[in-house]
Structures are given as C-alpha cells and as structure tokens.
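Before any comments, here is the structure.
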Amino acid sequence: MDAIEAAAARGDIEGIAVHQMHALHDRPYLHGAYPDRLRHIAYFLSQVTRPCYVAGTVELVPNHFSEVYGHIARRTNDPLVIASASPPDRHGYFSLGVTADYTSSFIGRGRFFLEVNSRMPRTFGRNQIHISQVEGWISNERELDEVQPPALDALDHTIAGYVADRIADGACLQTGIGAIPNAIMSALSHHRDLGVHTELLSNGLVDLVEQGVVNGVRKLHNRTKVVGTFALGTRRLYDFLHENTAVELWSARYVNDPRLLSRERNFVSINATLSVDFLGQCASETLNGSYYSSSGGQVDFARGAMYSEGGQGFIVLHSTAKHGSVSRIVPQFAPGEVVTLSKNTVDKVVTEYGVAELRAKTVRERASALIAIAHPDHRDHLTHEARRLGYV
C-alpha cells in the first residue's frame, strides 16, 4: 500500500479503488488526499475509517460477512489482491496466516501480490496459495498487529454466567467481538467437548483448547477442528496458531454460511449489540443515528443458530450506557438507527439482569420480557412507554 499511495501522490495512477473489510492503519488517501486517483471502499468501519466515513472520504457497502467476496467480485474486474502471508513451505505453498475471510475466496479467481512475513503464523485450512498463483511478493518483517483482550468488569462476568449456564456440553460455538463474548469464553472452563466454528479466533480460545474444553469431537462439520475465518489477538494467540493442525481458517463464504451452520446440531451464536427495542430488533452497527461499524457476521450466525437442531442465538449487552443514564433497552429506535438483526431472527437477549427469551413470543410478551431485564431505574419509564404504544 505504501507503493500504491506513493504512485497516487505522484499522479501515476487514477481511478483505483481499495476494497477492504477493516482497515487498521491510517493513511492520507483515507482522508481524501487523492480523490480521483485512489479511494477507499469499506465493508466494516474501524476506528481508523469511522471519521473518514463521516467526512465523506470513505464509502461503506452494507453487507453480511458471508457475502463480502461476492460483493467485491461484482464490483471489480480482474482485481489485484494484496495480502499478507507466511513464507512458502517446501511444496511452494504460502499460508494467508491469520486471515482467510474474503481474501481466500479469490485464490484461483484473482491476481495475488503477497507481503511475506516470517512472523506470520502458518495456518491450515482453505487459505493456502501456491507460488505459481502469485504475481509477486515482497518481504516485510514488521510485527503483526496485536489487540489486547478487553478488560472485563462485574457486569460482563454476570452476563457470561447467564449464557454459560444455558450452553450444553458438546455444543458448537460462535463468539463475536467484545468484552462480553470474551467473558463468556472464560466462563466455559468446566464444559466438555465443545466445538468452535466462528468468525473470529481470539485469545479466549487458547485457554479452552489447552484445558481440553474445546476438542470438537461432537461436531458434524470439520470434526475435531477449530474453524475460523480470521484471528486477532496477541502474540500468544499467533504462536498458538502457528502450524497447529487442530485449527483451520476457511473463507467467510464457508464459515459464515447459514445453510452450513443450520446443519450443525446445538449450534450457539453469541454476539453483542448496542441497543434492543421492544420488538427485539437489534441495532448493532449505528450509534445515535451514525454508522459505527457494520453488520459483520451477526445475522449469518444468528440465522444458522435459528435453524440448527437445538441451536441458540444469544444477543448480549449491558442494560445501560453513559454511566447508567441511558437505557439500552428502548421502546423504539430513533430515526437513523439501523436494524442489524430483525425481530424475526432474534432468540435470546441477555443483560446483567437476566435473559429475555423472545423466540416464538408475542409482541406483548417480548416487551414485558425485555423490560424485566432492563435496569431497574428505567423500568417505570419503559413500562409507561410500552402502555402508550399498546405493547402491554
């Protein structure tokens, strides 16, 4: 990207679009430095691209993660895929390391240029690319991006306890991003024979595998394997992944496919949201009417869990924001809020005050169940609003 941006600065290229899920590094072109030469199209807003989107210098494609490859393929013609990789093995295969996501779906369908890094773990699955399929590569020995596990508080652990109590031995898990999903991983240490088929591989997984909690022996697909589509954590996670045959990274087209997930018995989806209304709709990608992230794989996994035999879909959140002054259980969403997970797909909503089971429930039953897990300081107001709206 340094070379491409330098070419844009010199005026040597024009009309180039960079398609990326989650940008981690700030660059001038993201701020509109070369608008007719180099622009950015995001599929998930990060801390870096969020202000650029607001400023109008980054564009966002709404999506489900399982469909990102298809969207990029539809929008591009003969794309050049720039990816990080581990050094080639003795058979001439590079590994895309901590990433498979949409990138691996382009193997055999697009041109690749690799940044080869000996610090990148060699991982297995459908993320191998042969030297004959690569147009070129450079070496870059930079340290991999690391994300420290989020700090957990008492509310996170309380919510984690509610969820862990409802997960049976032998279940197959997907956990999303955030403090509460991490707390849930730590609350599963006494479970047995869990499987993992998830989008994100994080540090919390390492302990469960090393403790023997996760072994995948009851999985239907990829039995005994931990399956993910990308990994983000600390060096401990990356060292755990290196040449670990128990872990496989597959494309998001496979990992996030609700049709595949639905055939996995006792599939459990766990994801966080920002707000839930009385119907059970979840606003997981906007904050105060402005885009904060995107849908990611939340809907993919929730739908898979909904159709799985014995499946469960958990949506987790603290009951309040802004030090208790704002309820995150709301009567209706404000204009501009985007519904990520629909009322027809939501299953269980969990706060520190309990679990609201919404599947197959009436509107009246949903509103009452959600008010019961709202913060006590807000329940009177929420009850008043529910009556005003005719929900209770």
Q. Could you name the aspartates and glutamates in cross-link range of Lys219, using Cα to Cα under 19 Å and dropping any fewer than eight places away on the same chain?
A. Asp169, Asp193, Glu199, Glu210, Glu248, Asp257, Glu264, Asp300, Glu309
Q: Report, in debye and to the nearest 20, how large the dipole of the stretch 62-138 comes out about its Cα centre when Lys and Arg carry +1 and Asp and Glu carry -1 on their Cβ.
A: 80 debye
Q) Which ordering of Phe267, Phe106, Phe124, Phe113 is given by a fewest-first count of other beta-carbon atoms within 10 Å? A) Phe113, Phe124, Phe106, Phe267
Q. Which whole-number percentage describes the relative contact order of the chain, with Cα contacts under 8 Å and a sequence gap of 6 or more?
A. 13 percent
Q.
For the stretch 2-139, what does the relative contact order come out to in percent, with C-alpha contacts under 8 Å and a separation of six or more?
A. 17 percent
Q) What residues have an amide H closer than 5 Å to that of Ser295, excluding those fewer than 5 places away on the same chain, when H is modeled at 1.01 Å from N in the peptide plane? A) Asn63
Q) How many nm is it between the label spots at His384 and Arg192, if each spot is 7 Å from the Cα in line with the beta carbon? A) 5.3 nm
Q: Quickly work out the Ser290-to-Ala360 label distance, labels modelled 7 Å from Cα along the C-beta direction, and quote it in nm with one decimal.
A: 4.3 nm
Q. According to the square roots a ≥ b ≥ c of the eigenvalues of the Cα gyration tensor, what is the shape class of the chain, taking rounded for a/c under 1.5, prolate for a/b larger than b/c otherwise, and oblate for the remainder?
A. oblate
Q) Say each of Arg265 and Ser342 gets a label point 7 Å from the Cα, pointing the same way as Cα to Cβ; how far apart are those two points in nm? A) 3.0 nm
(Q) For a quick size check, give me the Cα extents of the stretch 154-388 along its three principal axes, largest first, whole Å. (A) 58, 33, 33
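Read the figures in this text as sums done on the coordinates, not as results from a lab. Source: prediction; values computed, not measured. Positions of Cβ are generated from backbone atoms using ideal geometry, with glycine treated the same way; all protein chains shown enter the neighbour counts.
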